[in-house]
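Peer 1: If you scroll down you'll find the structure; I have some questions about it.
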(Lines give C-alpha, C1' and ligand atoms only; values in the text may rest on other atoms or scores of the structure.)
Protein backbone atom coordinates (compact mmCIF):
# COMPACT_ATOMS: atom_id res chain seq x y z
CA UNK A 1 0.00 0.00 0.00
CA UNK A 2 1.47 3.34 -1.03
CA UNK A 3 2.06 5.88 1.74
CA UNK A 4 0.84 8.73 -0.45
CA UNK A 5 -2.34 10.41 -1.60
CA UNK A 6 -5.13 12.41 0.00
CA UNK A 7 -5.34 12.26 3.80
CA UNK A 8 -8.65 13.11 5.45
CA UNK A 9 -8.76 13.99 9.15
CA UNK A 10 -11.78 12.57 10.97
CA UNK A 11 -13.13 12.93 14.48
CA UNK A 12 -14.97 9.59 14.82
CA UNK A 13 -15.78 6.27 13.16
CA UNK A 14 -18.78 7.66 11.26
CA UNK A 15 -16.61 10.31 9.62
CA UNK A 16 -13.98 7.67 8.90
CA UNK A 17 -16.61 5.60 7.09
CA UNK A 18 -17.53 8.62 4.95
CA UNK A 19 -13.88 9.34 4.16
CA UNK A 20 -13.18 5.73 3.16
CA UNK A 21 -16.34 5.66 1.03
CA UNK A 22 -15.14 8.83 -0.69
CA UNK A 23 -11.81 7.24 -1.57
CA UNK A 24 -9.39 8.82 0.92
CA UNK A 25 -5.95 7.19 0.79
CA UNK A 26 -5.17 7.80 4.48
CA UNK A 27 -7.44 8.34 7.49
CA UNK A 28 -6.17 10.56 10.28
CA UNK A 29 -7.94 10.71 13.63
CA UNK A 30 -7.99 13.97 15.58
CA UNK A 31 -10.37 16.12 17.64
CA UNK A 32 -10.52 19.53 15.92
CA UNK A 33 -12.00 21.23 18.98
CA UNK A 34 -8.74 20.55 20.84
CA UNK A 35 -6.49 22.54 18.53
CA UNK A 36 -4.67 22.08 15.24
CA UNK A 37 -3.40 18.63 16.25
CA UNK A 38 -5.99 17.83 18.90
CA UNK A 39 -5.66 14.25 20.09
CA UNK A 40 -8.83 12.16 20.10
CA UNK A 41 -9.72 10.01 23.10
CA UNK A 42 -8.12 6.53 22.92
CA UNK A 43 -11.51 4.89 22.63
CA UNK A 44 -12.41 7.09 19.66
CA UNK A 45 -9.09 6.39 17.94
CA UNK A 46 -9.58 2.66 18.48
CA UNK A 47 -13.10 2.83 17.03
CA UNK A 48 -11.74 4.57 13.93
CA UNK A 49 -9.04 1.91 13.60
CA UNK A 50 -11.62 -0.88 13.79
CA UNK A 51 -13.81 0.80 11.19
CA UNK A 52 -10.90 1.38 8.81
CA UNK A 53 -9.47 -2.09 9.33
CA UNK A 54 -6.68 -2.76 6.88
CA UNK A 55 -8.29 -1.00 3.92
CA UNK A 56 -6.11 2.12 4.14
CA UNK A 57 -3.48 3.34 6.62
CA UNK A 58 -4.71 5.31 9.60
CA UNK A 59 -2.74 7.86 11.58
CA UNK A 60 -3.05 9.79 14.86
CA UNK A 61 -2.63 13.44 15.77
CA UNK A 62 -1.08 13.55 19.25
CA UNK A 63 -1.13 17.27 19.97
CA UNK A 64 1.84 19.54 20.50
CA UNK A 65 4.94 18.46 22.35
CA UNK A 66 3.97 19.49 25.88
CA UNK A 67 0.46 18.05 25.48
CA UNK A 68 1.82 14.79 24.09
CA UNK A 69 4.32 14.50 26.94
CA UNK A 70 1.54 14.97 29.50
CA UNK A 71 -0.70 12.45 27.74
CA UNK A 72 2.05 9.83 27.61
CA UNK A 73 2.83 10.36 31.30
CA UNK A 74 -0.82 10.17 32.33
CA UNK A 75 -1.30 6.75 30.72
CA UNK A 76 1.50 5.31 32.81
CA UNK A 77 2.84 3.84 29.57
CA UNK A 78 6.06 4.51 27.72
CA UNK A 79 4.33 4.67 24.35
CA UNK A 80 2.14 7.45 22.99
CA UNK A 81 -0.10 4.86 21.34
CA UNK A 82 -0.16 2.30 24.17
CA UNK A 83 -3.65 3.26 25.34
CA UNK A 84 -5.01 2.93 21.81
CA UNK A 85 -3.26 -0.34 21.09
CA UNK A 86 -4.62 -1.78 24.34
CA UNK A 87 -8.15 -1.18 23.04
CA UNK A 88 -7.51 -2.67 19.59
CA UNK A 89 -8.36 -6.17 18.49
CA UNK A 90 -5.30 -8.14 17.46
CA UNK A 91 -6.34 -8.18 13.82
CA UNK A 92 -6.62 -4.38 13.67
CA UNK A 93 -3.39 -2.68 12.57
CA UNK A 94 -1.81 -0.03 14.82
CA UNK A 95 -1.48 3.54 13.54
CA UNK A 96 0.80 3.87 10.55
CA UNK A 97 2.06 7.20 11.88
CA UNK A 98 1.75 9.63 14.78
CA UNK A 99 2.15 13.41 14.50
CA UNK A 100 3.44 15.81 17.12
CA UNK A 101 3.64 19.59 16.81
CA UNK A 102 6.05 22.03 18.42
CA UNK A 103 3.87 24.96 19.49
CA UNK A 104 5.35 26.83 22.48
CA UNK A 105 8.60 24.86 22.05
CA UNK A 106 10.76 27.63 20.57
CA UNK A 107 13.73 28.52 22.78
CA UNK A 108 13.39 25.24 24.68
CA UNK A 109 15.40 21.99 24.32
CA UNK A 110 12.71 20.58 22.02
CA UNK A 111 15.00 18.33 19.97
CA UNK A 112 15.88 15.82 22.73
CA UNK A 113 12.35 16.05 24.12
CA UNK A 114 10.87 15.11 20.75
CA UNK A 115 13.36 12.28 20.33
CA UNK A 116 12.57 10.97 23.83
CA UNK A 117 8.85 11.12 23.14
CA UNK A 118 9.14 9.20 19.88
CA UNK A 119 11.75 6.66 21.01
CA UNK A 120 9.40 4.15 22.72
CA UNK A 121 7.02 3.89 19.76
CA UNK A 122 6.81 0.51 18.00
CA UNK A 123 9.14 0.15 15.03
CA UNK A 124 6.28 0.04 12.52
CA UNK A 125 4.83 3.41 13.56
CA UNK A 126 6.15 6.37 11.55
CA UNK A 127 7.18 9.42 13.56
CA UNK A 128 6.04 12.72 12.04
CA UNK A 129 7.29 16.11 13.24
CA UNK A 130 4.98 19.02 12.47
CA UNK A 131 6.46 22.26 11.18
CA UNK A 132 4.11 25.21 11.49
CA UNK A 133 4.15 27.68 8.60
CA UNK A 134 2.93 30.32 11.09
CA UNK A 135 5.64 29.35 13.59
CA UNK A 136 5.91 32.82 15.09
CA UNK A 137 2.23 32.81 16.01
CA UNK A 138 2.65 29.29 17.44
CA UNK A 139 5.88 30.16 19.32
CA UNK A 140 7.35 27.15 17.53
CA UNK A 141 10.74 26.64 15.89
CA UNK A 142 10.89 27.70 12.22
CA UNK A 143 10.13 24.98 9.66
CA UNK A 144 13.72 24.90 8.42
CA UNK A 145 14.90 23.99 11.94
CA UNK A 146 12.25 21.28 12.32
CA UNK A 147 13.14 19.75 8.97
CA UNK A 148 16.86 19.81 9.77
CA UNK A 149 16.32 18.09 13.13
CA UNK A 150 13.61 15.59 12.15
CA UNK A 151 15.83 12.64 11.20
CA UNK A 152 17.86 12.97 14.41
CA UNK A 153 14.58 12.81 16.36
CA UNK A 154 13.74 9.51 14.67
CA UNK A 155 11.24 10.93 12.18
CA UNK A 156 10.69 9.56 8.71
CA UNK A 157 8.34 12.36 7.72
CA UNK A 158 7.40 15.97 8.36
CA UNK A 159 4.04 17.69 8.08
CA UNK A 160 3.95 21.33 7.03
CA UNK A 161 0.79 22.74 8.63
CA UNK A 162 -0.69 25.89 10.12
CA UNK A 163 -1.24 26.46 13.83
CA UNK A 164 -3.98 29.08 13.79
CA UNK A 165 -6.97 27.47 12.07
CA UNK A 166 -8.94 30.69 12.37
CA UNK A 167 -6.44 32.63 10.26
CA UNK A 168 -5.26 32.28 6.67
CA UNK A 169 -4.57 28.80 5.35
CA UNK A 170 -1.19 27.52 4.21
CA UNK A 171 -1.01 29.57 1.01
CA UNK A 172 -2.25 32.75 2.65
CA UNK A 173 0.07 32.25 5.58
CA UNK A 174 3.41 31.69 3.87
CA UNK A 175 2.93 31.77 0.10
CA UNK A 176 3.71 29.18 -2.54
CA UNK A 177 7.45 29.83 -2.77
CA UNK A 178 8.12 29.28 0.94
CA UNK A 179 5.95 26.15 1.10
CA UNK A 180 7.66 24.69 -1.98
CA UNK A 181 11.09 25.42 -0.48
CA UNK A 182 10.20 23.54 2.69
CA UNK A 183 8.96 20.57 0.68
CA UNK A 184 12.24 20.51 -1.27
CA UNK A 185 14.25 20.75 1.96
CA UNK A 186 12.36 17.83 3.46
CA UNK A 187 12.95 15.70 0.40
CA UNK A 188 16.65 16.63 0.39
CA UNK A 189 16.80 15.44 4.01
CA UNK A 190 15.37 12.05 2.96
CA UNK A 191 12.00 12.68 4.58
CA UNK A 192 8.46 12.01 3.52
CA UNK A 193 6.47 15.24 3.42
CA UNK A 194 2.82 16.11 3.85
CA UNK A 195 1.20 19.53 3.51
CA UNK A 196 -1.91 20.78 5.29
CA UNK A 197 -3.33 23.97 6.74
CA UNK A 198 -6.89 24.84 5.80
CA UNK A 199 -6.30 23.86 2.19
CA UNK A 200 -9.54 24.67 0.37
CA UNK A 201 -11.05 22.54 -2.36
CA UNK A 202 -9.85 25.02 -4.97
CA UNK A 203 -6.30 24.92 -3.54
CA UNK A 204 -5.81 21.14 -3.59
CA UNK A 205 -4.31 21.09 -7.07
CA UNK A 206 -1.87 23.83 -6.06
CA UNK A 207 -0.96 21.85 -2.95
CA UNK A 208 -0.05 18.85 -5.10
CA UNK A 209 2.06 21.07 -7.32
CA UNK A 210 4.32 21.71 -4.31
CA UNK A 211 5.49 18.09 -4.70
CA UNK A 212 4.46 16.43 -1.40
CA UNK A 213 3.70 12.76 -0.78
CA UNK A 214 0.47 13.61 1.05
CA UNK A 215 -2.04 16.45 0.95
CA UNK A 216 -4.09 16.56 4.15
CA UNK A 217 -7.56 18.12 4.41
CA UNK A 218 -10.48 18.42 6.75
CA UNK A 219 -12.45 21.65 6.35
CA UNK A 220 -12.51 21.26 2.54
CA UNK A 221 -14.41 17.97 2.86
CA UNK A 222 -16.67 18.96 5.75
CA UNK A 223 -20.20 20.31 5.73
CA UNK A 224 -20.05 23.51 7.83
CA UNK A 225 -16.28 23.80 8.00
CA UNK A 226 -13.55 22.27 10.13
CA UNK A 227 -15.79 21.55 13.09
CA UNK A 228 -18.57 20.26 10.84
CA UNK A 229 -18.97 16.75 9.44
CA UNK A 230 -16.93 14.94 6.79
CA UNK A 231 -19.05 14.13 3.74
CA UNK A 232 -18.26 11.30 1.32
CA UNK A 233 -19.28 13.32 -1.73
CA UNK A 234 -16.85 16.11 -0.82
CA UNK A 235 -14.08 13.58 -0.28
CA UNK A 236 -14.77 12.20 -3.77
CA UNK A 237 -14.39 15.69 -5.23
CA UNK A 238 -11.09 16.16 -3.42
CA UNK A 239 -9.79 12.73 -4.44
CA UNK A 240 -10.61 13.48 -8.07
CA UNK A 241 -8.12 16.37 -7.93
CA UNK A 242 -5.23 14.09 -6.90
CA UNK A 243 -2.97 13.92 -9.98
CA UNK A 244 -2.20 10.52 -11.46
CA UNK A 245 1.50 11.35 -11.17
CA UNK A 246 1.22 11.55 -7.35
CA UNK A 247 1.81 7.82 -6.98
CA UNK A 248 5.06 8.23 -8.91
CA UNK A 249 6.38 11.50 -7.51
CA UNK A 250 5.58 10.30 -3.99
CA UNK A 251 7.94 7.30 -4.18
CA UNK A 252 9.95 6.82 -0.97
CA UNK A 253 13.21 8.76 -0.73
CA UNK A 254 16.30 6.57 -0.93
CA UNK A 255 16.80 4.55 2.22
CA UNK A 256 13.37 5.34 3.67
CA UNK A 257 11.03 2.48 4.55
CA UNK A 258 7.32 3.12 4.55
CA UNK A 259 5.46 2.97 7.83
CA UNK A 260 4.65 -0.58 8.84
CA UNK A 261 6.54 -1.89 5.82
CA UNK A 262 3.59 -1.09 3.56
CA UNK A 263 4.62 -0.70 -0.08
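Peer 1: Do we find that residue 215 is touching a residue at least 60 places away in the same chain (Cβ under 8 Å), crowded, with 22+ Cβ neighbours inside 10 Å, under 18 Å from the mean Cα position of the chain (by Cα) and more than 18 Å from residue 99 (Cα to Cα) in this structure?
Peer 2: Criteria not met by residue 215.
Peer 1: Applying the selection to the stretch 142-179, what residues are free of Cβ contacts under 8 Å to residues at least 40 places away in the same chain, surrounded by fewer than 17 Cβ atoms within 10 Å (Cβ to Cβ) and outside any loop (DSSP other than H, G, I, E, B)?
Peer 2: Hits for the stretch 142-179 are 145, 172, 176, 177.
Peer 1: Condition test on residue 52, is it in contact with a strand residue (DSSP E or B) (Cβ under 8 Å, 6 or more places away or on another chain) and farther than 13 Å from residue 96 by Cα?
Peer 2: Numbers: in contact with a strand residue (DSSP E or B) (Cβ under 8 Å, 6 or more places away or on another chain): yes; farther than 13 Å from residue 96 by Cα: no.
Criteria not met by residue 52.
Residue-by-condition table, conditions (1) under 15 Å from residue 96 (Cβ atoms); (2) part of a strand (DSSP E or B); (3) free of Cβ contacts under 8 Å to residues at least 40 places away in the same chain:
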position	(1), (2), (3)
7	yes, yes, no
20	yes, no, yes
37	no, no, no
40	no, no, yes
45	yes, no, no
60	yes, yes, yes
63	no, yes, yes
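Peer 1: Filter the stretch 14-46 for residues that are out of contact with any strand residue (DSSP E or B) (no Cβ under 9 Å at 6 or more places or on another chain), surrounded by fewer than 21 Cβ atoms within 10 Å (Cβ to Cβ) and closer than 16 Å to residue 94 by Cα and give the result.
Peer 2: 41, 42, 43
Peer 1: Does residue 133 fit the bill of being modelled with pLDDT of 95 or more, buried (at least 18 other Cβ atoms within 10 Å of the Cβ) and closer than 29 Å to residue 164 by Cβ? Lay out the reasoning, then the answer.
Peer 2: On the way: modelled with pLDDT of 95 or more: yes; buried (at least 18 other Cβ atoms within 10 Å of the Cβ): yes; closer than 29 Å to residue 164 by Cβ: yes.
Answer is yes for this residue.
The values are calculated or read from the model by the stated rules, or taken from the named source; none is laboratory data. None of the values given here were measured: they were computed from a predicted structure. Using ideal geometry, Cβ is built from the backbone for each residue, glycine included, and neighbour counts are taken over all protein chains shown.
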